[in-house]
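Here the structure comes first, spelled out in structure tokens, and everything after it is commentary.
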Amino acid sequence: MPKSCPGKILHIDLSAEKTWEEDIPEEWYSLYIGGEGFGARYLYDNLKPHTDPLSEENKILFITGPLTDTKAPSSGRTVVMFKSPLTGTICASNVGGSFAPHIKRSGYDMIVIHGKAETLK
């Protein structure tokens, strides 16, 4: 694992109102590098093919890359992945700003949102 990568996923379950951590498999770093590769693999392993995109079984991922929080150009991008309600396929987008560096500085390479909140709080 690269020294710039904490090697952890933070899971946030809105239905159960709990959080937990998971180690990222070591081989992912050489197979997928980070960002969209990590997200695609995670969704492949953890999302059933016919999951309704608007159901609480869908997941929203916020993913950093190995260069996040370095001085490399575009290293502050956050990849966001989920199953799209519009197309029913896995979608990836990315946003700039300081969210990815904050994720990385908090000790995570990825945040996974599970479930559905009962109410807006």
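Please tell me if THR51 is surrounded by fewer than 17 Cβ atoms within 10 Å (Cβ to Cβ), among the β-branched types (Val, Ile, Thr) and either over 12 Å from the mean Cα position of the chain (by Cα) or at pLDDT 95 or above (or both). So THR51 fits the description; yes. Reported count of residues in the range 35-65, each being small (Gly, Ala, Ser) and touching a Leu at 6+ places or on another chain (Cβ under 8 Å), is 2.
All of (1) more than 22 Å from ARG41 (Cβ to Cβ); (2) in contact with a Pro (Cβ under 7 Å, 6 or more places away or on another chain) hold for ALA72 with one exception: (2). Listed here are the strands (runs of 3 or more DSSP E) enclosed by the range 32-121 that have at least 1 residues being over 23 Å from TRP20 (Cα atoms): 90-95.
Among the residues of the range 93-121, write down those that are of a type in the set (A, V, I, L, M, F, W, C) and surrounded by 15 or more Cβ atoms within 10 Å (Cβ to Cβ). Within the range 93-121, PHE99, ALA100, ILE103, MET110, ILE111, VAL112, ILE113 qualify. Of everything in the range 75-92 that's in contact with a strand residue (DSSP E or B) (Cβ under 9 Å, 6 or more places away or on another chain) and either in contact (Cβ under 8 Å) with a residue 60 or more places away in the chain or over 23 Å from PRO25 (Cα atoms) (or both), which residue is surrounded by the most Cβ atoms within 10 Å (Cβ to Cβ)? My answer is SER84. Residues in the range 19-30 that are assigned to a helix (DSSP H, G or I) and surrounded by 11 or more Cβ atoms within 10 Å (Cβ to Cβ): TRP28, TYR29.
The values are calculated or read from the model by the stated rules, or taken from the named source; none is laboratory data. Just so it is clear, the structure is predicted and the values come from calculations on it, not from any experiment. Cβ: placed from backbone, ideal geometry, glycine included. Neighbour counts: every protein chain shown.
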